[in-house]
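What follows is a single structure, written as structure tokens, with notes after it.
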């Protein structure tokens with residue numbers, strides 16, 4: 001079976017790691033029909049366009065989208081993030097951001113094996129807010145957090161489903177209910193009510209600041225975590241750091257209802273300081289590609305890729321050398 005996949009290589013190291021991810025997919029024997037899209041900071045600087053409506057309409061028709069990284073230092077903050085990444089999440093209803101972390105024991109901790117489920121379309125990223133008297137000494141800036149029962153509950157229910165299918169069957173809610181007493185209350189109530197549908201899942205709660213400590217000192221206490229958009233964004237960067245580096249942090253932006261394509265991307269950003277040097281770690285892009293294959297029903301190939309990454313864990317060298325080691329391990 002051939003899958004139709006949109007490819008957004010993007011900026012910086014994005015095209016470099018995406019090339020490796022596609023080579024690994026080819027090596028494992030999965031057939032893709034790909035269409036490349038020039039989107040990101042480079043396109044914005046040359047044309048002023050971020051995500052044209054006609055391109056978005058084309059993307060809706062794919063089975064999945066594989067994205068490398070977008071953003072350049074020359075583009076003002078928020079232009080690409082909101083106009084491309086967040087617009088894709090909102091328009092395609094990619095309401096689950098799933099980020100896996102797996103690593104053996106290190107000097108920092110006793111090992112990592114956890115999934116973080118980050119709500120992906122609400123919270124502070126929804127864009128509620130604005131300026132009053134901007135540029136004056138009396139300027140006011142507001143930034144609201146949008147939390148709906150529908151948005152919270154569907155994310156929480158997805159996380160419970162994941163936890164229920166894992167051996168440990170543990171799910172932890174991470175929030176800040178003692179200070180964010182409105183949003184936190186909604187999250188806590190939804191979490192506790194959905195929990196009654198999954199009696200085999202052991203539940204727990206941590207404040208976000210406590211979770212940051214546990215991620216470093218004893219991440220083995222976690223199995224599956226569910227949290228809001230902002231907390232999930234920050235917490236998973238830390239998760240990457242304690243499980244081998246941000247170069248191994250992958251993600252899936254999922255539409256579990258499958259009313260459109262889901263999007264898969266490494267979370268390390270475009271890293272313009274090392275772009276073109278051939279030294280970027282492609283593992284996060286390759287893991288993201290394996291998650292895409294899971295979504296496309298190619299679970300055997302996806303597991304083969306993850307096994308090959310584990311088998312080549314000690315491979316050194318640059319982007320192409322690590323990619324070659326993964327392919328050799330297949």
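The values are calculated or read from the model by the stated rules, or taken from the named source; none is laboratory data. Remember, it's a predicted structure, so these values are computed and weren't measured experimentally. Here the Cβ is made from the backbone with ideal geometry for all residues, glycine too, and neighbour counts use every protein chain on show.
Here are the numbers for this structure:
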| item | result |
| --- | --- |
| Failed criterion for residue 243 (all others in (1) at pLDDT 95 or above; (2) more than 11 Å from the chain's Cα centre (by Cα) hold) | (1) |
| Residue check for residue 269: in contact with a strand residue (DSSP E or B) (Cβ under 6 Å, 6 or more places away or on another chain) and closer than 19 Å to residue 12 by Cα | yes |
| Selected residue (only one of 59, 25 is touching a helix residue (DSSP H, G or I) at 6+ places or on another chain (Cβ under 8 Å) and farther than 24 Å from residue 280 by Cα) | 59 |
| Candidates 109, 138 - the one that is touching a helix residue (DSSP H, G or I) at 6+ places or on another chain (Cβ under 7 Å), surrounded by fewer than 22 Cβ atoms within 10 Å (Cβ to Cβ) and farther than 23 Å from residue 262 by Cβ | 109 |
| Residue among 249, 289 that is closer than 15 Å to residue 9 by Cα, surrounded by 21 or more Cβ atoms within 10 Å (Cβ to Cβ) and either touching a residue at least 60 places away in the same chain (Cβ under 8 Å) or in contact with a strand residue (DSSP E or B) (Cβ under 7 Å, 6 or more places away or on another chain) (or both) | 289 |
| Search result, residues across the range 35-60 that are farther than 15 Å from residue 85 by Cα, in a helix (DSSP H, G or I) and over 23 Å from the mean Cα position of the chain (by Cα) | 45, 46, 47, 54 |
| Of all residues making up the range 61-79, the number that are buried (at least 17 other Cβ atoms within 10 Å of the Cβ) and in contact (Cβ under 8 Å) with a residue 60 or more places away in the chain | 11 |
| Restricting the range 165-195 to residues that are within 21 Å of residue 239 (Cβ to Cβ) and free of Cβ contacts under 8 Å to residues at least 12 places away in the same chain, the residue that is surrounded by the fewest Cβ atoms within 10 Å (Cβ to Cβ) | 167 |
| Which listed residue is assigned to a strand (DSSP E or B), modelled with pLDDT of 95 or more and out of contact with any helix residue (DSSP H, G or I) (no Cβ under 7 Å at 6 or more places or on another chain), from 213, 225 | 225 |
| Those residues of the range 100-117 which are more than 16 Å from residue 287 (Cβ to Cβ) and touching a strand residue (DSSP E or B) at 6+ places or on another chain (Cβ under 6 Å), in sequence order | 117 |
| Test: residue in the range 310-319 that is closer than 23 Å to residue 40 by Cβ and touching a helix residue (DSSP H, G or I) at 6+ places or on another chain (Cβ under 8 Å) | yes |
| Yes/no for residue 153 being surrounded by 11 or more Cβ atoms within 10 Å (Cβ to Cβ) and more than 23 Å from residue 213 (Cα to Cα) | yes |
| Complete set of residues in the range 56-79 that are under 21 Å from residue 11 (Cβ atoms) and touching a strand residue (DSSP E or B) at 6+ places or on another chain (Cβ under 9 Å) | 58, 59, 62, 64, 65, 66, 67, 68, 69, 70, 71 |
| Residue 206 vs. criteria part of a strand (DSSP E or B), surrounded by 13 or more Cβ atoms within 10 Å (Cβ to Cβ), modelled with pLDDT under 95 and touching a helix residue (DSSP H, G or I) at 6+ places or on another chain (Cβ under 8 Å) | no |
